[in-house]
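Input: a single structure, listed below in structure tokens.
The values are calculated or read from the model by the stated rules, or taken from the named source; none is laboratory data. Small disclaimer: the values here were computed from a predicted structure and weren't measured. All Cβ positions, even for glycine, are placed from backbone atoms using ideal geometry, and neighbour counts span all protein chains on display. In case anyone asks, the SASA skips ligands and DNA or RNA and just uses the protein heavy atoms, side chains included. Shrake-Rupley method; radii C 1.70, N 1.55, O 1.52, S 1.80 Å.
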Amino acid sequence: ENKTTSCKTCDAGQFMEQEGQTQCTVCTIGRFQSDEGQTSCQECIAGQYQPANATTECIVCPLGEFQSDVGSNSSCNACGPG
């Protein structure tokens, strides 16, 4: 006989949106979740990106590069001259 004695908490990089769900959902590219037990993922802000699923943070653009899109999954772009 299977007995459930506690609820599962989703790991960082995942979330559970509704009560009664049995599995966590991973954060998709361009999104992240740094904390456990959350109900959603956050979008990467401008100046950051994330090309992988199930991550706990976004990648910050290095000096000399930029990313103007929110929730971007593609790498930063080189700044032009001037």
Determine whether SER68 is open to solvent by 60 Å² or more (accessible area, probe 1.4 Å) and more than 12 Å from the chain's Cα centre (by Cα). yes
From THR22, THR39, THR9, grab the single residue that is without any contact (Cβ under 8 Å) to a residue 24 or more places away in the chain and either buried (at least 17 other Cβ atoms within 10 Å of the Cβ) or farther than 19 Å from ASN73 by Cα (or both). THR22
Among the candidates GLU43, GLU19, GLU65, GLU36, single out the residue that is in contact with a Gly (Cβ under 7 Å, 6 or more places away or on another chain) and among the charged types (D, E, K, R). GLU43
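Return yes when GLU57 is under 21 Å from THR9 (Cα atoms), surrounded by 12 or more Cβ atoms within 10 Å (Cβ to Cβ) and within 10 Å of the chain's Cα centre (by Cα) and no when it is not.
Spelling it out, GLU57 is indeed under 21 Å from THR9 (Cα atoms), surrounded by 12 or more Cβ atoms within 10 Å (Cβ to Cβ) and within 10 Å of the chain's Cα centre (by Cα).
For every residue, the table says whether it meets (1) part of a loop (DSSP other than H, G, I, E, B); (2) at pLDDT below 95; (3) of a type in the set (Val, Ile, Thr).
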{"position": "GLU19", "(1), (2), (3)": "yes, yes, no"}
{"position": "THR22", "(1), (2), (3)": "yes, yes, yes"}
{"position": "THR28", "(1), (2), (3)": "yes, no, yes"}
{"position": "GLU36", "(1), (2), (3)": "yes, no, no"}
{"position": "SER40", "(1), (2), (3)": "yes, no, no"}
{"position": "ILE45", "(1), (2), (3)": "yes, no, yes"}
{"position": "ASN53", "(1), (2), (3)": "yes, no, no"}
{"position": "GLU57", "(1), (2), (3)": "yes, no, no"}
{"position": "PRO62", "(1), (2), (3)": "yes, no, no"}
Restricting region 1-17 to residues that are farther than 27 Å from CYS61 by Cα and among the acidic types (Asp, Glu), which is modelled with the lowest pLDDT? GLU1
Kindly check whether there is at least one residue in region 14-25 that is touching a Cys at 6+ places or on another chain (Cβ under 7 Å) and small (Gly, Ala, Ser). no
